[in-house]
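The values are calculated or read from the model by the stated rules, or taken from the named source; none is laboratory data. Just so it is clear, the structure is predicted and the values come from calculations on it, not from any experiment. Surface accessibility is based on the protein's heavy atoms, side chains included, excluding ligands, DNA and RNA. Shrake-Rupley method; radii C 1.70, N 1.55, O 1.52, S 1.80 Å.
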Amino acid sequence: MKYWKDVVCALVMMVWSWGCGNQEVVTILVGDALAADVPAQIQVSQGLPQGELCVCQNGSEWPLEVTGEYILFLPTEAIAKASELEIRPCDKLIASVNIRRSNGALRVSKQEKEVFSFVEEIKLPDANTPNYYGRNGFIDPMRSPAGVKLTEAYPRGHTHQHGIFHAWTRSTISGKMIDFWNQAAQLGNVRLVDVEQIEEGPVVASFVANLEYLAYLEQDTIVAAHEQWIVQTYAGPEQAHVVDVEII
């Protein structure tokens with residue numbers, strides 16, 4: 001009986017080695033512990049196999065993307081410090097986060113479910129809304145994994161609020177205090193210039209948005225500042241949306 005158990009264990013180890021290991025496998029050592037459902041970026045000093053790649057550990061595998069000398073993946077389970085991970089070729093990966101233009105906005109979806117929209121075209125809520133409230137370059141709507149709308153643009157009583165947006169409130173331009181946030185003051189505004197570097201992948205989809213700060217000085221309007229949003233949306237987990245917005 002003991003002999004049979006030993007044979008079974010040996011066969012299991014052989015199957016595992018064959019399934020997760022071949023001539024193109026690269027093994028890396030994780031320095032720090034990695035949390036589940038949190039994007040992980042690891043520097044890799046050695047060459048990697050060609051083609052579509054996955055990270056493999058203890059029967060679990062996750063698609064990865066290579067950016068320069070780093071790999072990026074989203075583990076669905078915690079990985080202990082000093083763990084060994086295998087990087088190997090896997091079946092063709094399909095982008096699970098998509099970005100599409102529709103109705104004046106970039107619409108980001110995960111597994112065909114909407115995550116959020118990034119507004120490119122200025123659309124006032126109704127004909128009675130003053131033009132100075134017009135705004136683009138913000139996120140709305142942002143939705144929960146269940147599809148519930150979490151944000152609102154031009155809410156009643158707070159028309160200057162626009163979903164997830166950004167603007168400086170107290171800036172000094174040519175000796176004049178400019179408020180780019182409270183549009184009713186008509187001192188300044190922020191507008192979207194363009195969106196570039198739209199990319200999709202098995203781990204993350206991203207785009208870069210360029211915006212301008214407009215200051216109203218007497219009879220003149222000047223571009224007082226430039227702003228860039230780097231927006232990344234990750235493939236998992238199912239129970240939450242992972243969106244990273246970097247504003248510089």
*asked:* When a/c reaches 1.5 or more, the comparison of a/b and b/c decides; with that in mind, is region 138-205 rounded, prolate or oblate per its Cα gyration tensor?
replied: oblate
*Which of the aspartates and glutamates could a cross-linker bridge to residue 149, judged by Cα under 13 Å and excluding same-chain residues fewer than eight apart?*
114, 140
*Whole-percent pair-distance distribution, where bins are 10 Å wide, for the alpha carbons of region 22-147*: 11, 31, 24, 18, 10, 5, 1
*Please say if region 55-107 is rounded, prolate or oblate, where rounded means a/c under 1.5 for a ≥ b ≥ c the square roots of the C-alpha gyration tensor eigenvalues, and otherwise the choice is prolate for a/b larger than b/c and oblate otherwise?*
prolate
*Accessible surface of the chain, 1.4 Å probe, proportion on carbon and sulfur as whole %*: 51
_So if I take the centroid of the Cα atoms in region 35-100 and the same for region 109-169, what is the distance between those two points in Å?_
33
_Relative contact order %, the chain, counting alpha carbon pairs below 8 Å whose residues are six or more apart_ = 14
*Which angle between 0 and 90 degrees, to the nearest 10, do you get for helix 2-20 versus the longest principal axis of the chain when only C-alpha atoms count?*
40
*What residue among 68, 104, 51 has the largest mean-square fluctuation in a Gaussian network model of the chain, using Cα springs under 10 Å?*
68
_Within region 66-132, count lysine pairs with alpha carbon atoms under 27 angstrom apart where the residues are 8 or more positions apart or belong to different chains._
4
*How big is the chain in terms of Cα radius of gyration and Dmax, in angstroms?*
24.2, 93
